[in-house]
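The values are calculated or read from the model by the stated rules, or taken from the named source; none is laboratory data. None of these values were measured; they are calculated from a predicted model. Reconstructed Cβ throughout: ideal geometry from the backbone, glycine too, with neighbour counts over all protein chains shown. Heavy atoms of the whole protein, side chains included, go into the accessibility calculation; ligands, DNA and RNA do not. Shrake-Rupley method; radii C 1.70, N 1.55, O 1.52, S 1.80 Å.
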Amino acid sequence: MNKLTPAELALLPKLDRIELITVRLPFVQPFATSVHSWAVKEALLLRIESGGVVGWGECVADPDPYYSYETTQTARHIFKDFLLPQVEAGISFAELGERLRPVRGHGMAKAMLENALLDLVARQRGVPLHELLGWPGRRIQSGISIGIKDSIPELLSAVEEALRRPYHRIKVKIMRGKDVAWLRALRAEFPQIALMADANGDYRIEDAPLLRELDAFNLTMIEQPLSYSDIVQHAALQRELATPLCLDESIHDLDDARAALSLDACRIINIKQGRVGGLLESLRIAAFCHERGVGVWSGGMDETGIGRAFNLHLQAAAGFTLPGDTSETSRYFAEDIVAPGVVLADDGFIEMPTGPGIGVQVLEDRVKRYELERERLS
Ligand SMILES: [Mg+2]
């Protein structure tokens, strides 16, 4: 077994108060993938308190199963009935991880718990989360994920607007029927930009000839072209394409990353800490990829400012060499539940929060304003 990191060895505090809070925040504009369109962000939050210090976690599941089988309701059930009973003051994060291992899958519910505990411990120690995780803070590159649009001109203007901010990398969602011609138009208009496409699993291996046409557009990567559950057919597709494939939905843990790289199913991995069970598993995946020269980046789930802050701290780690999906708060919400929000510097970089824990203040009055449900647990 590898040597445990200081964060894995950190001990869990005694919890005085535990609350699950559901909030619903309207998006500034709906966000559409090949699978579904969302107009509001409904998020399950975990608020824990110990000795007057509060830690927060966010579950990245949606209320629906259109990105993952996990939903806010399954996360609530798994958290209350199977995860929370394993939490005990004085055990280490590594031991908690072992205790949660028999619960198969449900990485989003697990990440919410681990997030809140890590935030709480970092706040108690008065250190930024990235420092607890063992990485010095640094500025990170920004990236934007642009949803499916109704027309090519609409997509072109959304990209133009993003480049003015300026984002370092543009990702556009694609789907069958909105792919080759759309990317050709984008490339013609913006020949030099770092551009990638995310299909959210809309294609089949039989579409390989069509996907091969995308090689002409010098994309940084094509993300999750085939099924959300597949690794093997992505390997067959990667053999047909010059463009690197990136896996997102297919990667749930280090074992999936290992399988994907050993099959050459992808050359890049999108690590969503909220999907793979939390920051500690994310760092294991990042280290594994880094040792093999495989780039990783941090994807987003349109989180509130709480989840977005966790994604920022993760990107302090080695291996996060590619710009992720971390965008400005104002792109998502007119009003967020944390301060300060994410803002790009003039050069497009994002500063890492420097305060204790996730380094942003959770605005409890705003949480209350957007709250649908609050449940106190013991
Ligand atoms: Mg994706």
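Grab the Cα-Cα distance for S92 and Q361, subtract it from 0.36 nm times how many residues apart they are, and report the gain in nm with one decimal.
94.2 nm
Of the residues A181, P191, I231, the one whose Cα sits farthest toward the positive end of the charge dipole of region 165-276, with +1 on the Cβ of Lys and Arg and -1 on the Cβ of Asp and Glu, is P191.
Our summary gives region 128-195 a relative contact order of 34 percent, counting only alpha carbon pairs under 8 angstrom and 6 or more residues apart. Figure legend: label point modelled 7 angstrom from the Cα of R164 along Cα→Cβ; residues of region 188-212 with amide N under 18 Å from it are 189-190. Derived scalar couplings between HN and Hα for region 121-134 equal 5, 5, 5, 5, 7, x, 10, x, 4, 4, 6, 4, 6, x Hz in order, rounded to whole Hz, by the Karplus curve 6.51 cos²θ - 1.76 cosθ + 1.60 (θ = phi - 60°), x for Gly and Pro. Over the chain, dividing the summed -39,500 (n - 2.57) contributions of all DSSP H runs of at least 4 residues by the number of residues returns a 222 nm mean residue ellipticity of -8500 deg cm²/dmol. Here the gap between F190 and N218, fully extended at 0.36 nm per residue and compared with their Cα-Cα distance, gives a gain of 8.9 nm. Note on I78: accessible area is roughly 10 Å² with a 1.4 Å probe, heavy atoms of protein only. Inter-part distance, region 179-222 to region 44-108, computed on C-alpha centroids, equals 36 Å.
Once the C-beta distance of H77 and R239 is scaled by a Förster radius of 41 Å, the resulting FRET efficiency is 0.50 to the nearest 0.05.
What fraction, in whole percent, of alpha-carbon pairs in region 219-314 exceed 24 Å separation?
Of all Cα-Cα pairs in region 219-314, 17 percent lie more than 24 Å apart.
Only Lys, Arg, Asp and Glu count, each charged at its Cβ (+1, +1, -1, -1), so figure out the dipole size of region 51-153 about its Cα centre, rounded to 20 debye.
220
The phi torsions of region 225-236, fed into the Karplus equation with coefficients 6.51, -1.76 and 1.60 and a -60° offset, translate into couplings of x, 9, 3, 4, 9, 9, 10, 4, 6, 4, 5, 5 Hz, rounded to whole numbers, with Gly and Pro shown as x. Positive end of the dipole of the chain (Cβ unit charges, origin at the Cα centre): among F333, I285, A216, the Cα lying farthest that way belongs to I285.
Placing +1 on each Lys and Arg Cβ and -1 on each Asp and Glu Cβ, with no other charges, gives region 143-358 a dipole about its Cα centre of roughly 300 debye. When +1 charges are put on Lys and Arg Cβ atoms and -1 charges on Asp and Glu Cβ atoms, the dipole computed for the chain relative to its Cα centre reaches about 420 debye.
Within region 91-116, find all residues whose amide N lies under 11 Å from a label point positioned 7 Å from the Cα of Y69 along Cα-to-beta-carbon. Only 104-107 pass the distance filter.
Evaluate the relative contact order of region 143-358 (contact order divided by residue number), counting alpha-carbon pairs under 8 angstrom at least 6 apart; express in whole percent.
Dividing the mean separation by the residue count of region 143-358 yields 16 percent.
Across the chain, the relative contact order, built from alpha-carbon pairs under 8 Å that are at least six residues apart, equals 21 percent.
Between Y69, Y203, Y332, find the one with the highest GNM mean-square fluctuation for the chain; connect C-alpha pairs within less than 10 Å. Its mean-square fluctuation being the largest, the pick is Y69. Taking I140, I271, I205 as the candidate residues, the one with maximal mean-square fluctuation in a Gaussian network model of the chain, Cα springs under 10 Å, is I205. Qualifying trypsin sites (Lys or Arg not before Pro) in region 262-298, where qualification requires a DSSP coil assignment and no more than 13 other C-beta atoms within 10 Å, comprise R292. A dipole drawn for region 90-156 from +1 and -1 charges on Cβ atoms has a positive end, and of G137, M108, G126 the residue lying farthest that way is G126. Residue by residue, region 61-67 carries 3J(HN,Hα) couplings of 5, 8, x, 10, x, 9, 10 Hz when phi is fed to the Karplus relation 6.51 cos²θ - 1.76 cosθ + 1.60 (θ = phi - 60°); x denotes Gly or Pro.
Applying both filters, DSSP loop and at most 10 other Cβ atoms within 10 Å, to the GluC sites (Glu not before Pro) of region 186-280 eliminates every site. D346 contributes an accessible area of around 150 Å² to the protein surface, as traced by a 1.4 Å probe with all chains present.
For V40, project a label point 7 Å along Cα to C-beta. Then give me every residue of region 55-83 with its amide nitrogen under 13 Å of that point. Counting only backbone N, you get 63-64. For G201, the residues 5 or more places off, or on other chains, whose built amide H falls under 5 Å of its own are L226.
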